[in-house]
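Asker: My questions all concern the structure below.
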Amino acid sequence: MTIKSKIRTVPNWPKAGIMFRDITTLLKDPAGLKLCIDDFVERYRNKAVDVVVGIDSRGFILGGAVAYLLGKGFVPVRKKGKLPAETEREEYALEYGTDVVEIHKDALKKGQKVLIVDDLIATGGTALAAAKLVKKLGAAVAEFAFIIDLPDLGGRKKLEQAGFPVYAQTEFEGD
Ligand code: AMP
């Protein structure tokens, strides 16, 4: 069994032309979930990571499990207006318009090494915005970890060109 084989593709969702890579079929499968989380934990067990940041919302599921098993804390990067205390915010471009992600100002300490987790990297806009938030708080991105990379959309390259190491468990062709 492979991680890739447990990911469902839903064509034309949320709109025509998008091949949605649905990880709920991986997460509901006990062996699939274990394979995915254990792979991340194996990779970061002996790396310098102080804290795990998860990106809203599938990054929370993965990041929470990984942080717990690494014995680290978990910090959410959320879509705008969800975090109750003082936040830093970062706007990023979408296909149409912009969106905003936020982090609590006191969520990270200066100099901490942060592992940022999400399910999928497409254009990299969301991930890059999360990295900017981490930097605004004086912390450093140790690595980005994703289940899925869509290499044709160029996000991974964008992150690597900005100096961030990227790990992805599997890839899908096309967008
Ligand atoms: P991006 O900012 O373009 O890298 O988009 C990344 C975010 O959008 C991730 O949090 C994904 O969950 C979601 N996403 C983008 N494209 C897809 C896709 N084809 N299938 C599933 N999720 C996607």
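The values are calculated or read from the model by the stated rules, or taken from the named source; none is laboratory data. Computed from a predicted model, the values in this text were never measured in an experiment. Virtual Cβ from ideal backbone geometry, glycine too; neighbours counted across all protein chains shown. Just the protein is used for accessible areas: all its heavy atoms, side chains included, with ligands, DNA and RNA removed. Shrake-Rupley method; radii C 1.70, N 1.55, O 1.52, S 1.80 Å.
Asker: So which residues in region 128-154 are more than 14 Å from the ligand (Cβ to nearest atom), farther than 21 Å from ARG43 by Cα and either open to solvent by 40 Å² or more (accessible area, probe 1.4 Å) or touching a Pro at 6+ places or on another chain (Cβ under 6 Å) (or both)?
Answerer: LYS135, LYS136
Asker: Identify, please: which residue in region 18-47 is within 16 Å of the ligand (Cβ to nearest atom) and without any contact (Cβ under 8 Å) to a residue 60 or more places away in the chain and is, among those, most open to solvent (accessible area, probe 1.4 Å)?
Answerer: This residue is THR24.
Asker: So how many residues does region 111-127 have that are away from the ligand (no atom under 12 Å from the Cβ) and either of a type outside the set (Gly, Ala, Ser) or in a helix (DSSP H, G or I) (or both)? Don't jump to the end; show me each part of the working.
Answerer: Residues of region 111-127 that are away from the ligand (no atom under 12 Å from the Cβ), as a first pass: 111-115.
From what's left, either of a type outside the set (Gly, Ala, Ser) or in a helix (DSSP H, G or I) (or both): 112-115.
Here the count works out to 4.
Asker: Same structure again: Working only within region 155-175, note down all residues that are open to solvent by less than 30 Å² (accessible area, probe 1.4 Å) and modelled with pLDDT of 95 or more.
Answerer: Within region 155-175, GLY155, LEU159, PHE164, VAL166, ALA168, THR170, PHE172 qualify.
Asker: Would you please list the contacts, defined by Cβ atoms under 6 Å and residues six or more apart or on different chains, that run from a residue in region 156-175 that is without any contact (Cβ under 8 Å) to a residue 60 or more places away in the chain to a residue that is part of a helix (DSSP H, G or I) and basic (Lys, Arg)?
Answerer: The qualifying pairs are VAL166/ARG156.
Asker: What is the number of the single condition among (1) within 16 Å of the ligand (Cβ to nearest atom); (2) more than 25 Å from GLU171 (Cβ to Cβ); (3) under 19 Å from the mean Cα position of the chain (by Cα); (4) exposed (fewer than 14 other Cβ atoms within 10 Å of the Cβ) that GLY97 does not meet?
Answerer: So the condition that GLY97 fails would be (3).
Asker: List the number of the failed condition for VAL75; all other conditions in (1) free of Cβ contacts under 8 Å to residues at least 60 places away in the same chain; (2) within 22 Å of THR170 (Cβ to Cβ); (3) away from the ligand (no atom under 16 Å from the Cβ); (4) in contact with a Leu (Cβ under 8 Å, 6 or more places away or on another chain) hold.
Answerer: So the condition that VAL75 fails would be (2).
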